[in-house]
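J.: Pasting in a structure now, in structure tokens, and then I'll have a few things to ask.
The values are calculated or read from the model by the stated rules, or taken from the named source; none is laboratory data. None of the values given here were measured: they were computed from a predicted structure. Virtual Cβ from ideal backbone geometry, glycine too; neighbours counted across all protein chains shown. Calculation scope for accessible area: heavy atoms of the full protein, side chains included, ligands and nucleic acids excluded. Shrake-Rupley method; radii C 1.70, N 1.55, O 1.52, S 1.80 Å.
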Amino acid sequence: GQQTAIKLAAERVKVAIIGRRKELVESLARQIESAGGTALPMAIDITQANEVARCIDGVIKTFGQLDILVNAAGMLQSGNIETTSLEMWDKTMNINLRSLFNLMHLAVPHLIQTKGNIVNVSSVNGQRSFPNVLAYNVSKAGVDQLTRCAALELADKGVRVNAVCPGVTI
């Protein structure tokens with residue numbers, strides 16, 4: 001997410017930086033602004049629907065429009081079918097899948113106006129199963145399917161929806 005924001009800002013895209021840790025989003029915003037870019041730092045919990053709605057409203061009020069939504073949030077916890085608790089499952093689904101749906105749902109009316117784009121950061125784990133990361137695998141498979149469904153539904157409205165599926169990154 002950070003490198004995507006930096007790259008977009010270098011292309012003179014106004015960037016809203018969304019994350020749960022205020023110091024990190026503000027630091028990234030300062031970095032972008034010191035390089036001549038424009039950034040709006042927003043520290044929110046993406047699992048909280050009211051905070052996400054405030055975030056989208058803030059982006060529209062600040063920038064006047066929304067052209068690109070990059071969904072890069074995600075978390076991974078170890079666990080298999082025997083060791084993954086319901087709490088771990090729910091937390092993973094809320095962060096990795098539900099929050100993406102909510103952001104997309106709230107952003108779509110604005111993206112239709114601008115014929116914008118959605119890029120979801122999924123994972124190779126959504127396409128191929130790996131041991132001991134059950135909830136993560138399933139959540140990323142859900143992101144892949146959400147992306148395909150939204151792409152079909154929004155194509156005739158001029159909104160492109162794609163996913164990138166990287167392998168392990170450090």
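J.: Which residue is nearest to Leu66 (Cα to Cα), if the candidates are limited to region 158-170 and must be open to solvent by less than 90 Å² (accessible area, probe 1.4 Å) and not in a strand (DSSP E or B)?
T.: Val159
J.: I would also like to ask the following. How many residues does region 105-134 hold that are under 25 Å from Val52 (Cα atoms), open to solvent by 70 Å² or more (accessible area, probe 1.4 Å) and in contact with a Lys or Arg (Cβ under 9 Å, 6 or more places away or on another chain)?
T.: 1
J.: Here's something else I'd like to know. Which one is farthest from the chain's Cα centre (by Cα), of the residues in region 82-93 that are among the hydrophobic types (A, V, I, L, M, F, W, C) and open to solvent by 50 Å² or more (accessible area, probe 1.4 Å)?
T.: Taking the candidates together, the pick is Leu86.
J.: Ok, one more. Just give me the residues in region 113-127 being in a helix (DSSP H, G or I) and not small (Gly, Ala, Ser), in sequence order.
T.: Gln113, Thr114, Val124, Asn125
J.: Tell me which residues, restricted to region 11-38, are open to solvent by 70 Å² or more (accessible area, probe 1.4 Å), small (Gly, Ala, Ser) and in a helix (DSSP H, G or I).
T.: If the condition is that a residue be open to solvent by 70 Å² or more (accessible area, probe 1.4 Å), small (Gly, Ala, Ser) and in a helix (DSSP H, G or I), then Ser34 is the only one that fits.
J.: Could you list, in sequence order, the residues of region 39-57 that are open to solvent by 20 Å² or more (accessible area, probe 1.4 Å), touching a residue at least 40 places away in the same chain (Cβ under 8 Å) and not in a loop (DSSP other than H, G, I, E, B)?
T.: Those that are open to solvent by 20 Å² or more (accessible area, probe 1.4 Å), touching a residue at least 40 places away in the same chain (Cβ under 8 Å) and not in a loop (DSSP other than H, G, I, E, B): Ala49, Ala53.
J.: Being assigned to a helix (DSSP H, G or I) and out of contact with any helix residue (DSSP H, G or I) (no Cβ under 8 Å at 6 or more places or on another chain) is the filter; apply it to region 60-74 and report the residue that is least open to solvent (accessible area, probe 1.4 Å).
T.: Phe63
J.: Within the set of pairs 6+ apart or on separate chains, which have a first residue in region 79-91 that is assigned to a loop (DSSP other than H, G, I, E, B), a second that is loosely packed, with under 10 Cβ neighbours inside 10 Å, and C-beta atoms under 9 Å apart?
T.: Short answer, once both residue conditions are applied: Asn80/Pro131.
J.: Here is a follow-up. Just wondering, is there one or more residues in region 128-138 that are charged (D, E, K, R), modelled with pLDDT of 95 or more and either over 15 Å from Ser99 (Cα atoms) or outside any loop (DSSP other than H, G, I, E, B) (or both)?
T.: Looking through region 128-138, none of the residues is charged (D, E, K, R), modelled with pLDDT of 95 or more and either over 15 Å from Ser99 (Cα atoms) or outside any loop (DSSP other than H, G, I, E, B) (or both).
J.: Moving to a separate point now. Looking at (1) part of a helix (DSSP H, G or I); (2) open to solvent by 60 Å² or more (accessible area, probe 1.4 Å), can you tell me which one Cys149 breaks?
T.: (2)
J.: Right, something else. Which one of Asn102, Asn96 is under 16 Å from the mean Cα position of the chain (by Cα), closer than 14 Å to Leu134 by Cβ, open to solvent by less than 50 Å² (accessible area, probe 1.4 Å) and touching a residue at least 40 places away in the same chain (Cβ under 8 Å)?
T.: Asn96
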